[in-house]
1. Return the residues of segment B:69-83 that are open to solvent by less than 30 Å² (accessible area, probe 1.4 Å) and among the charged types (D, E, K, R); say none if nothing qualifies.
2. Inspect segment C:222-235 for any residue being away from chain A (no Cβ under 14 Å), open to solvent by 30 Å² or more (accessible area, probe 1.4 Å), among the hydrophobic types (A, V, I, L, M, F, W, C) and touching a residue at least 60 places away in the same chain (Cβ under 8 Å) and give the result as yes or no.
3. From B:Arg117, B:Arg123, grab the single residue that is closer than 17 Å to B:Lys170 by Cα, among the basic types (Lys, Arg) and in contact with a Phe, Trp or Tyr (Cβ under 9 Å, 6 or more places away or on another chain).
4. Picking from C:Gly125, C:Gly138, which residue would you name as being farther than 16 Å from C:His182 by Cβ and touching a Gly at 6+ places or on another chain (Cβ under 7 Å)?
5. Out of the residues in segment D:191-220 that are outside any loop (DSSP other than H, G, I, E, B) and farther than 18 Å from D:Ala166 by Cβ, which is most open to solvent (accessible area, probe 1.4 Å)?
6. C:Tyr139 passes all but one of (1) under 30 Å from A:Val56 (Cα atoms); (2) within 14 Å of chain A (Cβ to nearest Cβ); which number fails?
7. Which number in (1) among the small types (Gly, Ala, Ser); (2) under 14 Å from D:Arg150 (Cβ atoms); (3) open to solvent by 20 Å² or more (accessible area, probe 1.4 Å) marks the one condition that D:Ala181 misses?
8. Being over 21 Å from the mean Cα position of the chain (by Cα) and touching a residue at least 60 places away in the same chain (Cβ under 8 Å) narrows it down to one of B:Phe91, B:Phe124, so name that one.
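The values are calculated or read from the model by the stated rules, or taken from the named source; none is laboratory data. Nothing here was measured: the structure is a model prediction, and the numbers come from that model. Quick reminder, even Gly has a Cβ in these numbers, built from the backbone with ideal geometry, and neighbours come from all protein chains shown. These area figures cover heavy atoms from the full protein model, side chains too; ligands, DNA and RNA do not enter into them. Shrake-Rupley method; radii C 1.70, N 1.55, O 1.52, S 1.80 Å.
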Protein chains: 4
Amino acid sequence: MQKLAERNWGMWLGTNCQLDFELEVPTPLVLMLRPRSGAFQWVARESYTLAPHVPVEEYTDIFGNLCQRLVTRVGNFTIATSAEVMTPECFDFGWGAPFVNVQFLPDSVLTFLLPSRYCESDRFGDLAQEIVGGCLPGYNQVAAIASWVRSRVPYVPGSSFMPISALEVKDQGQGVCRDLAHLAIALCRSISIPARLVVGYLQGLTPMDLHAWFEAYVGGRWYTFDPTQEENFGGRVAIAYGRDAADVSIFHQFGPGIRLSNMQVSVALLQKPSA
Amino acid sequence: MQKLAERNWGMWLGTNCQLDFELEVPTPLVLMLRPRSGAFQWVARESYTLAPHVPVEEYTDIFGNLCQRLVTRVGNFTIATSAEVMTPECFDFGWGAPFVNVQFLPDSVLTFLLPSRYCESDRFGDLAQEIVGGCLPGYNQVAAIASWVRSRVPYVPGSSFMPISALEVKDQGQGVCRDLAHLAIALCRSISIPARLVVGYLQGLTPMDLHAWFEAYVGGRWYTFDPTQEENFGGRVAIAYGRDAADVSIFHQFGPGIRLSNMQVSVALLQKPSA
Amino acid sequence: MQKLAERNWGMWLGTNCQLDFELEVPTPLVLMLRPRSGAFQWVARESYTLAPHVPVEEYTDIFGNLCQRLVTRVGNFTIATSAEVMTPECFDFGWGAPFVNVQFLPDSVLTFLLPSRYCESDRFGDLAQEIVGGCLPGYNQVAAIASWVRSRVPYVPGSSFMPISALEVKDQGQGVCRDLAHLAIALCRSISIPARLVVGYLQGLTPMDLHAWFEAYVGGRWYTFDPTQEENFGGRVAIAYGRDAADVSIFHQFGPGIRLSNMQVSVALLQKPSA
Amino acid sequence: MQKLAERNWGMWLGTNCQLDFELEVPTPLVLMLRPRSGAFQWVARESYTLAPHVPVEEYTDIFGNLCQRLVTRVGNFTIATSAEVMTPECFDFGWGAPFVNVQFLPDSVLTFLLPSRYCESDRFGDLAQEIVGGCLPGYNQVAAIASWVRSRVPYVPGSSFMPISALEVKDQGQGVCRDLAHLAIALCRSISIPARLVVGYLQGLTPMDLHAWFEAYVGGRWYTFDPTQEENFGGRVAIAYGRDAADVSIFHQFGPGIRLSNMQVSVALLQKPSA
């Protein structure tokens, strides 16, 4: 909590996400749409409604995300969520924060060193070494990786729907926010720096949508990096954490008969939480 | 999820709990005031505000409760929470649900067989045997215990502030809701029936306050029992689960300089969640 | 525990695994070499020695595996483990065990539905549908997948060292035990059947080595399948479970300066555990 | 792992514990007899046999202990365990290690601040303040508590079988190792210092038996204290950790028809683990 006390908590964000589905058959869904209060953000107000209302269960996954399980009915189905969240005005920089030798990493962080579905870190060692050559081991290496991805792989919002893997992103040479994050994560892990994907809201994103970025573990803590944004502008609300997009899916459907007909996302700066 | 589908989910409750503190020195608090969505209730809308706002962290304890940690400032400090929750209209009965032999209990349930701070189940074997004599092992035994407590230990709201233990409750011969639940839990565990304390809201409680009841594990699931209520009336919103009041404290303060000057609780029946 | 009581527990296996390393620089290792007692096997005797002895820590990962962390010294380094384990004489068959709809899967099983590093289940839907066409949903589908892999992808022990992914295995048309398991797992998950990789010992394997197979969740429990073995012969000792080989690595090294100079594995049938 | 590297790991202990039971009816047992490798000890060799062998399951409880569940048969039943464990030659002292304010404790440590079945820390505030008056907050306070218990409450091995609580220990004025540990733990928690019970082996204990001591969390780590031993002599092997004896029971029986007819414990200093 020490860091909490020192942190600037002055910013309130109001977030909204609405998903409209059309369903031909009842379909099981697993959702991750509920931001958690934690060390970095405080959810002061929240709503989460289903229309029509169906039975829904919530559980916590292995990464600590709150997940909702339900079975939709045939017809139109709408999920509407909103939240008012206190968050730091910008993320912390950690220039010079040192590389943590594997033997000193917390047990729970080790899983974020392993290759995963969309981050084939076992195939990126040479490229990563080339990118970080000469950097101080740790934060500066991750910053070099984020910067390399930002400059070499154009961020093209809306350019893909299905997740593709870091190797495919590199070949394709462009991608959505998730793709760029996957590539950066694979590069970090290939030099033994733990990295994880974050899905959430970014204030001021254009066009507005859900966003994905990543965190890397250096200097004894997680730091935020965004390979799609030139500057550290805007507050962020994290919804879910995982190894990559396979773990962190805003909605995961099981079965073919479902169509997302509309999705609306908004983020507003609030003076304070509503009374 | 099978039970979910069959359950009556028709009731929406709006809950409020406000705590006003006066503080002479900054004091660490651990709070459990955030109801979780789960298998038995759905939190559609929620607010949780601190005035003045201070940094706060949330974590999940070993029983799955969402806990908030913070350090108050000197002066007045108010915590206000509200929620709109869908919940069954009344709890399930399970007459005849059988006793589960210890070897067939899920691992995670075993901890609720052990004696705990306020439930000295290692001292209640004889009394429990006497109470349940002749009952079908399982649900009917628990119902006999709840009924025995209800008839022998008058429920006197407001009669104690500090938790006392089941042995002390038996000697004292009366108690608050928490005391009666502790006594019933100790009796259940002494005959190898897992039992746990629940703290939450009960619609229609007079006088209105936070409430405590218990659950017992028979017939392969948890069933609700309330040793203070003659009839199964009113919806319930669970806030926290634990072995006894030592695990489940709405607010747990560390240090002397804090005074709860006011506490207000309300539960309202809603037509539907607010728009 | 019900199944335990009915299970044939008559077989004792003695297992040995020795790893000899040559190290140019001190290197962090994470090991998974300690079989756990659980519902399916009982470890009656075990040894685990390091020569030279170095400080080592053990922790439990998110899949319940016991993992050992250490930093080797320069020079020769040997890890020797042995165990005497009671295990069923052969694994259970479950012909007809039904498919479990996603909404009825336990929360903890959901993670084994997701694509993972070496099991790109998001790319195998069409092939899987073709393979299982006409099968009763559930166990019989998994058996058809295991059989298809066994007949179409020759098992060539020693043909690869680095893990390759299910897509690569399919292209390559042959593989080691791990490769065939990855392909089968990807096919299962693509039709919403949870599947996980198991690494362990198989009595009678030729040539003797550590082995990999998989389990699928149908009919309310995990069943064992082995796409490399024509018949269900021989007892098995599981060492570790995971989504794929990225999670389950007998030894995971961090850094370049390490060479496995020798590895010896043996499995013997015992009359009883040694006195 | 940093402390590991610096720690003296020179001592090997060989431990044995044999329990002989006589059973009139089949009885479920939960056992904690398997020491875990962890940050402070390495189990190089271990055996755990049941005679007659019965099906047994192992699981990990909420405190990380490995627990074994089984149902005994009628007649004689013997459990024999042995281990060869590398352990520090003596425990660390931490004179001057500071009190950790509650807001800076790790989440997982908070549970060890709460009152528990045999440690009614909510009733010991005044006595604790009196004992620690004038001590530097932290390690020195705990040492004062351990010393006070040692000098005021004579350690009488074998003086009780059933656990009694800290309040009862204080009244009774003497106790077994577990009783003295409970009293010290209650005193520590009452001044907001987390404390937990440890059950294990102590080399050189007279008369030889299983032993209980406690750990307190100060200066950012757990430190070992033993209110029954005048000097820090002898190596220790921890078997299980918990809030008090209710969590940590070497064997926990459910039902009346079981008699422990014999128990034998030994601890030997080894030159090295057996080949």
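1. Of everything in segment B:69-83, just one residue is open to solvent by less than 30 Å² (accessible area, probe 1.4 Å) and among the charged types (D, E, K, R), namely B:Arg69.
2. Yes.
3. B:Arg117
4. C:Gly138
5. D:Tyr217
6. (2)
7. The single condition D:Ala181 does not satisfy is (3).
8. Step by step, each of B:Phe91, B:Phe124 is checked, and only B:Phe124 is over 21 Å from the mean Cα position of the chain (by Cα) and touching a residue at least 60 places away in the same chain (Cβ under 8 Å).
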